[in-house]
Amino acid sequence: MIAAYAKATIVVEAAFRGGSLSTARDAAELLRIVLAVPGPINSPSSDGCHRLIGERCAEIVTSVADAMEFLSDKPCTLYLNAS
């Protein structure tokens with residue numbers, strides 16, 4: 001439900017399984033923008049973000065400027081398909 005109201009979903013930290021990943025997948029199914037912030041490869045709290053990025057369910061963002069570019073009013077071609 002949360003994903004339906006937002007223009008985009010940004011996942012900053014998420015475990016390998018969790019509610020954030022469910023929300024991100026819901027957003028992708030609704031053709032919303034999904035973004036993820038990568039973290040240290042040995043951090044369990046980054047596993048979910050890495051999973052979203054690895055499965056191409058999310059685009060990588062590493063700064064506020066990156067996120068703002070996706071959220072700007074210009075046409076955005078990054079709408080994700082959930083498989």
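The table for this structure:
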{"item": "Debye, to nearest 20: dipole size of the chain, +1 on Lys, Arg Cβ, -1 on Asp, Glu Cβ", "result": "140 debye"}
{"item": "For T9, distant residues with modelled amide H under 5 Å away", "result": "I33, V34, L35"}
{"item": "q = 0.23, 0.26 Å⁻¹, the chain: log10 I(q)/I(0) [Debye, one scatterer per Cα]", "result": "-1.07, -1.32"}
{"item": "Estimated distance in nm for a label pair at L30 and F16, the labels positioned 7 Å out from Cα along Cα-to-Cβ", "result": "2.9 nm"}
{"item": "Helix-derived mean residue ellipticity, 222 nm - over the chain, DSSP H n ≥ 4, -39500 (n - 2.57), to 500", "result": "-10000 deg cm²/dmol"}
{"item": "Average Cα contact separation per residue, the chain, under 8 Å, 6 or more apart, as relative contact order %", "result": "32 percent"}
{"item": "Net lengthening on full extension, N42/S72 (0.36 nm per residue, minus Cα-Cα)", "result": "7.5 nm"}
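Rule-based calculations on the coordinates, nothing more; no lab input. Not measured: the values here are computed from a predicted model. In this analysis, Cβ positions are derived from the backbone assuming ideal geometry, glycine residues included, and neighbour counts consider all displayed protein chains.
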